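Structure first, commentary second.
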Amino acid sequence: MYSVIWQINWNSGASCQFLEFQEKMAVVDESEQEFKPQKKKIDSEDDKRKKKITPGSLMKALIRPGSGEKHPTDGDQVIYHCTVRTLDGVVVESTRAQIGGNGIPKRQVLGKSKMILGLLEGIPTMLNGEVAMFKVKPELHYDEEDCPVSSADGFPKDTELHFEIELIDCCKVKVITEDLGVIKKVTQEGQGWEQPREPYEIKAWISAKSGDGKLIFSHTEGEPFFFTFGKSEVTKGLEMGIGTMSRGEKAVIYVDKQYITQGPLIPLVEGIAEVHFEVELVHFVQVRDVLGDGRLIKRRIRDGRGEFPMDCPLQDSLLHIHYKGMLPNEEKTVFYDTRVDNNGHPLEFRSGEGLVPEGFEMCTRLMLPGEIALVTCPPDYAYDKFHRPDKVPQGSYIHWEIELLHYEKQKDWTGMNFRQIMDEVEKIKGTGNRLFKESKYELAKAKYDHVLREFNHVNPQDDDEGKEFSETRNLLNLNVAACYLKMGESRKSLEACNKVLDANPVHVKALYRRGMAYMSAGDFEEARADFNKMMTIDKSSESTVKAALLKLNKEEQEVHLRARRQFKGLFDKKPGVIAEADDVDTQQISSEMPENDNRDGLDGDREYLLQANAPPPRANLWSRLWPTSRRLFTALGLDRCTIL
């Protein structure tokens, strides 16, 4: 019957006749080419293969028309049944169960899957539901030179064949794994852009079928299936697919056998070649491992208003919060509740100012207005570094149940006059100075950086305003440099100083601060040059410069002494014997350290002159070899920074 229909259609010239495939050349008007030069397209590997197609080597006969107008293109997934016959009708291979196949249609992604050349060119001419016959020369199927697809033993590679194709489905998909083992087809778009990740808690309707359409399981009634993302509670490929979904999304996730793992959903995986999961992501609870080590965990109990994270108080804001503090014991002992202990009034604090424990603030910045979250916080991010309530034991973990009522963003400077802006600057700078005194250098630097960023949009209107603006900006950059120096980042401190000196090369305080940064980095000659330049500019700084140079000389001598002792005997030992790095008399070196010099530095704002608890880490080679040089830096009094 099949061969009769074939011959009738072929001879009658009806709609099911063979169509010859050949290279298509676009005709473009010469004048259009002249004025619209086209960029040369770089051919892909598939494009290069298609150039092998010659007239008559690939022909198509339409057996049953398809529906719609969309033809498959690169990036589309195509699902099709394929039966291969010789020209006299003998079946070589087939995916159809009734002709000896396994009943599982082929599933490939155009432009990504490895395909024989004839189908690579032929399938994009089809429509969904279409059945067509392709007459393919050997060089366009498995006999192609360097064919990327292998054939079964005994396959007639050198014979012209007929490929009967039924295109079951063609759709856009998201390729999740490079080997095409996990692919997602969206059937209904979700809401928002947030997607699940470890350790989110997931609720979803899930059903699964094998590649041949047999139902494996269906969980679409009662309560949605619940699991924790990242805990291997569902099969690997399914979890990877769900990790690309948004709330409310519906999708089919195609999973090959290498990504099918045994679990509660699929207790037996043997003999399963692929599974098609139909998933509706009903809801997920945001659970965040804030530090990445499992100690500070934020779990969303009630959703808030808006989109995460755009509507979170990520920037400095005034937050209004109700919270309950509990101990992690069986009784869940409450040690503080704003609704009880604060007369029902919420806690109000401005973020970025170090007024609440660090873990508390980190989590509230990730909340939406109206959200309720349960936070588990380790002691070093709770009360070990903060005022500890009486009922909280030292070193104890803490549970906070937090409700973010609302927040107010920092005041916008738009529409303010210059004096109003400078008043705001003084407030923010004052907060930064307080944080610096409390050794919260990162927070302090953030305050100064914030003002410096906003200064890009401030335009002084006269010379007096310009002078005040310039002086304030210089002081802020020098304060940033002081923060970097305390944080052990000498090079960044130098960059901040250079911003001042580029505009004013004779800025004495900037030279002093840069000299200190050079000294911290071990660049003694550069530091000496800055200190000497200070004295030529401002004679009143002579005593300060002499003190700084004395300290610099002692520091330099100490480094040279350590170097000599470190490498003493390195080259005067017998051949083949190398001096060890630890062959240094540290006790003798310590006895040669200079006495403390507690004289103040140059900066005149004594109110903010600070003595650090620990000297800044040294960035140069010597400090890595001899850690005791840090103690020398403290003994010399060079670890002090002045906030202006």
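Only residues that are surrounded by fewer than 22 Cβ atoms within 10 Å (Cβ to Cβ) and within 18 Å of HIS320 (Cβ to Cβ): list them for region 372-393, please.
Listed by number, the list holds a single entry, ILE372.
Please determine whether any residue of region 324-339 is in contact (Cβ under 8 Å) with a residue 12 or more places away in the chain, farther than 25 Å from GLY294 by Cβ, part of a helix (DSSP H, G or I) and open to solvent by 20 Å² or more (accessible area, probe 1.4 Å).
For region 324-339, residues in contact (Cβ under 8 Å) with a residue 12 or more places away in the chain, farther than 25 Å from GLY294 by Cβ, part of a helix (DSSP H, G or I) and open to solvent by 20 Å² or more (accessible area, probe 1.4 Å): present.
In region 236-262, which residue that is part of a loop (DSSP other than H, G, I, E, B) and polar (S, T, N, Q) is surrounded by the fewest Cβ atoms within 10 Å (Cβ to Cβ)?
Taking region 236-262 as the starting set, the residues that turn out to be part of a loop (DSSP other than H, G, I, E, B) are 243-246, 248-249, 260-262.
If we keep only those that are polar (S, T, N, Q) too, we end up with 244, 246, 261-262.
Values: THR244: 16, SER246: 16, THR261: 16, GLN262: 12.
By that ranking, first place goes to GLN262.
Out of GLU139, GLU164, report the one residue that is in contact (Cβ under 8 Å) with a residue 60 or more places away in the chain, of a type outside the set (A, V, I, L, M, F, W, C), under 20 Å from LEU62 (Cβ atoms) and not in a loop (DSSP other than H, G, I, E, B).
Details: GLU139 fails: under 20 Å from LEU62 (Cβ atoms).
None of the other options fit; the residue is GLU164.
What is the residue count in region 77-98 for residues that are surrounded by 13 or more Cβ atoms within 10 Å (Cβ to Cβ) and free of Cβ contacts under 8 Å to residues at least 60 places away in the same chain? Reasoning before the result, please.
At the first step, the residues of region 77-98 found to be surrounded by 13 or more Cβ atoms within 10 Å (Cβ to Cβ) are 77-86, 91-96.
Retained after the next criterion (residues that are free of Cβ contacts under 8 Å to residues at least 60 places away in the same chain): 91, 94-96.
Looking only at that region, the number is 4.
Would region 537-552 turn up any residue that is under 26 Å from ARG419 (Cα atoms), surrounded by fewer than 17 Cβ atoms within 10 Å (Cβ to Cβ) and either touching an Asp or Glu at 6+ places or on another chain (Cβ under 6 Å) or of a type in the set (A, V, I, L, M, F, W, C) (or both)?
Applying the first criterion (under 26 Å from ARG419 (Cα atoms)) to region 537-552 yields none.
No, that holds for no residue.
Going by the structure shown, is ASP88 outside any loop (DSSP other than H, G, I, E, B), at pLDDT 80 or above, out of contact with any Asp or Glu (no Cβ under 9 Å at 6 or more places or on another chain) and of a type outside the set (Lys, Arg)? Before you say what the answer is, go through the steps one by one.
Numbers: outside any loop (DSSP other than H, G, I, E, B): no; at pLDDT 80 or above: yes; out of contact with any Asp or Glu (no Cβ under 9 Å at 6 or more places or on another chain): yes; of a type outside the set (Lys, Arg): yes.
Against the criterion (outside any loop (DSSP other than H, G, I, E, B), at pLDDT 80 or above, out of contact with any Asp or Glu (no Cβ under 9 Å at 6 or more places or on another chain) and of a type outside the set (Lys, Arg)), ASP88 does not qualify.
Name the residue, out of ASN477, ASN456, that is modelled with pLDDT under 95 and not aliphatic (A, V, I, L, M). It would help to see each step written out before you state the result.
On the way: ASN477 fails: modelled with pLDDT under 95.
Testing whether each residue is modelled with pLDDT under 95 and not aliphatic (A, V, I, L, M) leaves just ASN456.
Kindly indicate the residue of region 263-298 that is of a type in the set (Val, Ile, Thr) and assigned to a strand (DSSP E or B) and also farthest from the chain's Cα centre (by Cα) among those meeting that condition. Reasoning before the result, please.
Within region 263-298, the first condition is being of a type in the set (Val, Ile, Thr), and the residues that meet it are 266, 269, 272, 275, 279, 282, 285, 287, 290, 297.
Keeping just the survivors that are assigned to a strand (DSSP E or B) gives 275, 279, 282, 285, 287, 297.
Details: VAL275: 31, VAL279: 26, VAL282: 26, VAL285: 20, VAL287: 17, ILE297: 19 Å.
So, considering only residues that are of a type in the set (Val, Ile, Thr) and assigned to a strand (DSSP E or B), the one farthest from the chain's Cα centre (by Cα) is VAL275.
Check ILE216 against each of (1) hydrophobic (A, V, I, L, M, F, W, C); (2) out of contact with any Phe, Trp or Tyr (no Cβ under 6 Å at 6 or more places or on another chain); (3) open to solvent by less than 60 Å² (accessible area, probe 1.4 Å) and name the one condition it does not meet.
Unmet condition: (3).
When you scan region 402-514 for helices (runs of 4 or more DSSP H) that lie fully inside it, which ones turn up with 3 or more residues that are in contact with a helix residue (DSSP H, G or I) (Cβ under 6 Å, 6 or more places away or on another chain) and under 26 Å from SER317 (Cβ atoms)?
418-437, 441-454, 463-486
Across region 136-177, which residue is most open to solvent (accessible area, probe 1.4 Å) among those that are under 26 Å from GLY211 (Cα atoms) and touching a helix residue (DSSP H, G or I) at 6+ places or on another chain (Cβ under 6 Å)?
ILE176
The values are calculated or read from the model by the stated rules, or taken from the named source; none is laboratory data. Since this is a predicted model, take the numbers as computed values, not measurements. Using ideal geometry, Cβ is built from the backbone for each residue, glycine included, and neighbour counts are taken over all protein chains shown. Remember, those area values only see protein heavy atoms, side chains included, never the ligands or the DNA or RNA. Shrake-Rupley method; radii C 1.70, N 1.55, O 1.52, S 1.80 Å.
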